Amino acid sequence: MLRTNTCGELNLDHVGQTVTLCGWIQKIRKLGGMTFIDLRDRYGITQLAINSETHEEFAKKVEKMGREWVIKVTGTVTERYSKNKNIPTGDIEIIVDAIDVLNESAIPPFTIEDESDGGEELRLKYRYLDLRRNPVKNNLIFRHKMGIEIRNYLNNIGFLDIETPFLIRSTPEGARDFIVPSRVSPGEFYALPQSPQTFKQLLMVSGYDRYFQIVRCFRDEDLRADRQPEFTQIDCEMSFIEQEDILNTFEGLMQHVFKKVKNIDIDPIQRITYADAMRLYGSDKPDLRFGMEFVELNDVMQHKDFKIFNEAELVVGVMAKGCAHYTRKQLDALTDFVRRPQIGAAGLVYVLCQPDGTFKSSVDKFYDQEDLKKVAQKAGAEAGDLILILSGKTEKTQKQLCELRLEMGKQLGLRQAGVYKLLWVVDFPLLEWDDETNRFYAKHHMFTAPKPEHEALLDTNPIAVNANAYDLVINGTEVGGGSIRIHNRNLQNKMFQILGFSQEQADYQFGFMLSAFQYGCPPHGGIAFGFDRLCSVLSDTDSIRDFIAFPKNNSARDTMVNAPAAVENSQLDELSIQIKK
Ligand code: ASP
């Protein structure tokens, strides 16, 4: 080794020792006759001290050096005169006896500090420099710890880590595939997997009854905020289990990870059905760090003279505790919030439950004090509280009120960092109907099994069929999802039919699955967690990019290596591909 120690470990216990350190120059300071260097490596920063009078030669050498030069120094660990309590090595410094330059550095395009002066695009272009910064480095260390603990837990209960291929065949459902042209088979293409779904199921057919993989997945979707074209899943599958077993096994995983990585004992994970989640929070991934459940107000607010409510499918409100003091300006701001095009409500009705027991509302023209009292009672509001009400088509209104609830939660400081509310959402519908294409789509994916007691409904009322499908939600973010799978060939065939596949299409696309189902497929099910997402949620940030060493930007571009990029014509010829000009 070129070094005896790292820059993060020396303290008063080491005083008097001769050590050799290697690292990058963070800073050079001159103070009277002394030159100080902050030397940085992955482990921390150690101060080097050079007496310019006794070691003029070293001081001269240092004058030529600059930020991010890589050096090797040997010296004696010495107690510092003025200590820095903020870093573990702050009590000592190294009195330098020898100094070598291992490599020079150009001036970096931004400062390698916790708060850098570089903008995001610049830092992505020079990601290898950004990765030297503590906040980014700490995220990668956090991710590493998460990965280790996930493996430990799954390994301890008999899961096998098995790799599945990246070059697979394109499938028609789900997100858009990234496709890879084949040179050997001109005109044919592989696809990169959106998830190892079919392979993990085939592993169950093969008898590997507990599989996992921390695996890259690829989806060519239009990039919404905080999506990456390649991301990592903790992908799991089990045989001879029921939904309950999956929920318990992976509740255990969450308990283990929270304990080991964050030293938090999480509460038993609550469960809610999809239908209740939509009814009470207008979302299949509610943030349960706060209550503010929806209250349906149709019976108390319809059949008066307020036409908008009378014509609405749903009149629904939330109660904001202690917010009756909201000013006209604040209420107008909330109205503007729900009217933003992203939310799209026509307006917002409010009822202020005033401290003196009277009510004031934006619809006083149509509702008297008695009416408003009924509304307040229904909403569980008391004097001093505020009720916010939206109306319209059920699903749309629920979504809009969901946004308003989250906004109120934010304004009232109820979405606290460091508090984690985990939730299983269960009983998802099996199918959803799309008016545009006039057909059913699988809500989760087409291998998800209907609840056995709903199977008969597949023929009569498919939209009413629920699935043994579940999502894990933490603080309003979906971090994982899975289902019990179909393991019967006929049922799988029927599912393909419902999804609009002809038998030929089903055989062409999924013949291998249907064939495998003939050879003793065990009952099985599984789940996949978004690993990047789980890291970001446990770190109280919104950004998965922060937990990926080399992420893409918002245009799915890696600006560091400049990908995607054009290729040589000869490469295209080999692949029998012609680019349309
Ligand atoms: N393959 C599914 C997904 O990526 C997860 C699962 O069902 O296990 O969403």
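Which shape class, rounded, prolate or oblate, goes with region 136-201 when its Cα gyration tensor gives a ≥ b ≥ c as root eigenvalues, a/c under 1.5 marks rounded, and past that a/b bigger than b/c marks prolate?
Numbers: a/c = 2.84, a/b = 1.90, b/c = 1.50.
Cα axes put region 136-201 in the prolate bin.
Dividing the alpha-carbon radius of gyration of region 370-434 by the rule-of-thumb value 2.2 N^0.38 Å gives 1.50.
Taking only the C-alpha atoms, wrap a convex hull around region 192-287 and report its volume per residue in Å³ as a whole number. Let's see the in-between values first.
Details: hull volume 15.1 nm³, N = 96.
Value for region 192-287: 157 Å³ per residue.
Rounded, prolate or oblate: which fits the chain when a ≥ b ≥ c are the square roots of the eigenvalues of the alpha-carbon gyration tensor, with rounded for a/c under 1.5 and prolate only if a/b beats b/c? In terms of gyration-tensor shape, oblate. Considering region 79-136 at the alpha-carbon level, its Rg and Dmax are found to be 15.4, 42 Å. Here the contact order of region 155-274, divided by its residue count and restricted to Cα pairs under 8 Å and six or more residues apart, works out to 20 percent.
Going from the fewest other Cβ atoms within 10 Å to the most, the residues I577, I168 appear in the order I577, I168. Taking a ≥ b ≥ c as the square roots of the eigenvalues of the Cα gyration tensor, region 408-480 is prolate, since a/c reaches 1.5 or more and a/b is larger than b/c.
Dividing the summed -39500 (n - 2.57) terms of all DSSP H runs of n ≥ 4 by the residue count of the chain sets its mean residue ellipticity at 222 nm at -8500 deg cm²/dmol.
Sorted fewest first by neighbouring Cβ atoms within 10 angstrom, E104, E163 come out as E163, E104.
Over the chain, what is the mean sequence separation of C-alpha contacts under 8 Å (at least six apart), divided by residue count, expressed as relative contact order in percent? Before the final figure, lay out the partial values.
On the way: 1078 pairs, mean separation 73.8, N = 581.
Averaging sequence separation for qualifying contacts and normalising by length gives 13 percent for the chain.
Computed from the C-beta positions of K259 and E104, the FRET efficiency with R₀ = 56 Å rounds to 0.75.
Find the Rg to Rh ratio for region 379-525, where Rh is the Kirkwood radius over alpha-carbon pairs and Rg uses the same atoms.
Values: Rg = 20.3 Å, Rh = 18.4 Å.
Here the Rg-to-Rh quotient is 1.10.
What's the FRET efficiency of Y508 with S182 using the Cβ-Cβ distance as r and R₀ = 22 Å, to the nearest 0.05? If you can, show how the numbers build up before the last one.
Values: r = 18 Å, r/R0 = 0.80.
Efficiency, from the Cβ-Cβ distance: 0.80.
With coordinates expressed along the principal axes, the C-alpha atoms belonging to region 119-274 extend over 52, 48, 31 Å, beginning with the largest. Projected label points at T358 and L491, each 7 Å from Cα along the beta carbon direction, are separated by 6.3 nanometres. The convex hull defined by the C-alpha atoms of region 515-581 has an orientation-averaged projected area of 9.9 nm². Taking region 476-517 and a reference point 7 angstrom along Cα→Cβ of D435, no backbone N atom is nearer than 17 Å. Among V101, V351, the ranking by other beta carbons within 10 Å of each residue's beta carbon, starting with the fewest, stands as V101, V351. Using only Cα coordinates, the Kirkwood hydrodynamic radius of region 278-345 works out to 14.1 Å.
Any read-out appearing in this document is the output of simple, stated calculations on the displayed coordinates, not a laboratory observation. Because the structure is a prediction, the values reported are computed rather than measured. Every residue, glycine among them, receives a Cβ derived from its backbone with ideal geometry; neighbour counts consider all protein chains shown.
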